[in-house]
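**Student:** Mind looking over this structure? Questions follow.
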Amino acid sequence: MTIKSVVKTAAVMLKKECAVKYLETNEVEQDALETVDILTRCASLVINELACSYIPLVKEEEIVEENGKIYFSSLSDNPLKIIDVLGEENQSVSFAHKPEYIVAKSKAKKIRYSYSPSNFNLEDKTGYLESDVPERVIAYGVAAEYCLIVHAFTESVNFHKRFIESIEEIVKPKNFTTKGRVFI
């Protein structure tokens, strides 16, 4: 799913026909570029919020060790949490965290981590699959942020409510048990 498709869905929700037309045909009408720019920034904000608070974006990449250290600055994205370090045969390797790097106990080949995405452009991918987070859910968040920016507070609250309810539906616990009651 691309940022452009999320922005277009949000523009449809907000009834911003000039932005929808621009995204479909590149025809520039009054306020279209400004609206698309604001919606794109809102999409970056919402996806960052999702990745940092609700549904982590996870990436696996090959790494190069420097004296047994894997520097966070050498990774392609800003890591939030190191999930796993993998060795030559894709086995888990134990590691220790330091402020600027991690130290693997044996030779490491790959690292799996959750990350905080940077700002997006229209043609960038969100990092989420439609099966993980539907496009409309992200678009609800984008619409809520846009309405907040343009001082449409009631609409912002409505879109935000739909966004939060949709996120809660996605991240609700799959299986839980409640401790039984004891009567004395």
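The values are calculated or read from the model by the stated rules, or taken from the named source; none is laboratory data. As the structure is a computational prediction, the values presented were derived from the model and not from experiment. Ideal geometry is used to build each Cβ from the backbone, glycine not excepted, and the neighbour counts take in all protein chains shown. Note: areas computed on protein heavy atoms with side chains; ligands, DNA, RNA excluded. Shrake-Rupley method; radii C 1.70, N 1.55, O 1.52, S 1.80 Å.
**Student:** Pulled fully out, how much extra length does the chain show between TYR71 and HIS151, if you take 0.36 nm times their separation in residues and subtract their Cα-Cα distance? Provide the component values of the computation, followed by the final result.
**Tutor:** Values: separation 80, 0.36 × 80 = 28.80 nm, distance 4.30 nm.
Gain in length upon complete extension: 24.5 nm.
**Student:** Turning to a different aspect of this structure: LYS105: which aspartates and glutamates have alpha carbons under 16 Å from its alpha carbon, excluding same-chain residues fewer than 8 sequence positions away?
**Tutor:** GLU65, GLU66, ASP84, GLU88, GLU89
**Student:** Enter the accessible area of ARG162 (Å², nearest 10), with the probe set to 1.4 Å and all protein chains included.
**Tutor:** 120
**Student:** Straight-line reach from LYS107: which lysines have a Cα under 25 Å away, not including same-chain ones fewer than 8 places off?
**Tutor:** Filter leaves LYS59, LYS69, LYS81, LYS98.
**Student:** May I pose another question? Express the Stokes-Einstein translational diffusion coefficient of region 89-170 in µm² s⁻¹, to the nearest whole number, given a Kirkwood radius over alpha-carbon pairs, 4 °C and a viscosity of 1.567 mPa s. Intermediate values should be presented prior to the final figure.
**Tutor:** Values: Rh = 16.2 Å.
In µm²/s, the coefficient is 80.
**Student:** Quick check on the chain: helices-only [θ] at 222 nm, where DSSP H runs of length 4 and up contribute -39,500 (n - 2.57) each and the sum goes over total residues. Nearest 500, please. Display every interim value, and only then the final one.
**Tutor:** Values: 5 runs with 72 residues, N = 184.
Mean residue ellipticity at 222 nm (helix-derived): -12500 deg cm²/dmol.
**Student:** How far is helix 32-49 tilted, in degrees, relative to the longest principal axis of the Cα atoms in the chain, given as a value from 0 to 90 rounded to the nearest 10?
**Tutor:** Between helix and principal axis, roughly 30 degrees.
**Student:** Please get the size of the charge dipole for the chain, origin at its Cα centre, with Cβ charges of +1 on Lys and Arg and -1 on Asp and Glu, quoted in debye to the nearest 20.
**Tutor:** For this selection, approximately 960 debye.
**Student:** In region 1-96, what trypsin sites (Lys or Arg not before Pro) fall in a loop by DSSP, with at most 12 other Cβ atoms inside 10 Å?
**Tutor:** On the way: sites: LYS4, LYS8, LYS15, LYS16, LYS21, ARG41, LYS59, LYS69, LYS81; in loops: LYS15, LYS16.
Here the trypsin sites (Lys or Arg not before Pro) that fit, given the DSSP loop and packing criteria, are LYS15.
**Student:** Then there's this: Roughly how compact is region 1-94, stated as its Cα Rg over 2.2 N^0.38 Å to two decimals? Don't skip to the answer; put the middle values down first.
**Tutor:** Values: Rg = 19.6 Å, N = 94, 2.2 N^0.38 = 12.4 Å.
Cα-based Rg divided by the globular estimate yields 1.58.
**Student:** Another one. Farthest toward the dipole's positive end in region 94-147, which of VAL142, ALA96, LEU129, given Cβ charges of +1 (Lys, Arg) and -1 (Asp, Glu) about the Cα centre?
**Tutor:** Ranked along the dipole, the leading option is ALA96.
**Student:** Out of the GluC sites (Glu not before Pro) in region 1-69, which ones are loop residues according to DSSP with at most 14 other C-beta atoms within 10 Å? Let's see the in-between values first.
**Tutor:** On the way: sites: GLU17, GLU24, GLU27, GLU29, GLU34, GLU49, GLU60, GLU61, GLU62, GLU65, GLU66; in loops: GLU27, GLU29, GLU65.
Answer by residue number: GLU27, GLU29.
**Student:** Please report, in Å, the Rg and the Dmax of the chain, where both are computed over Cα atoms only.
**Tutor:** Both quantities, over Cα of the chain: 20.8, 74 Å.
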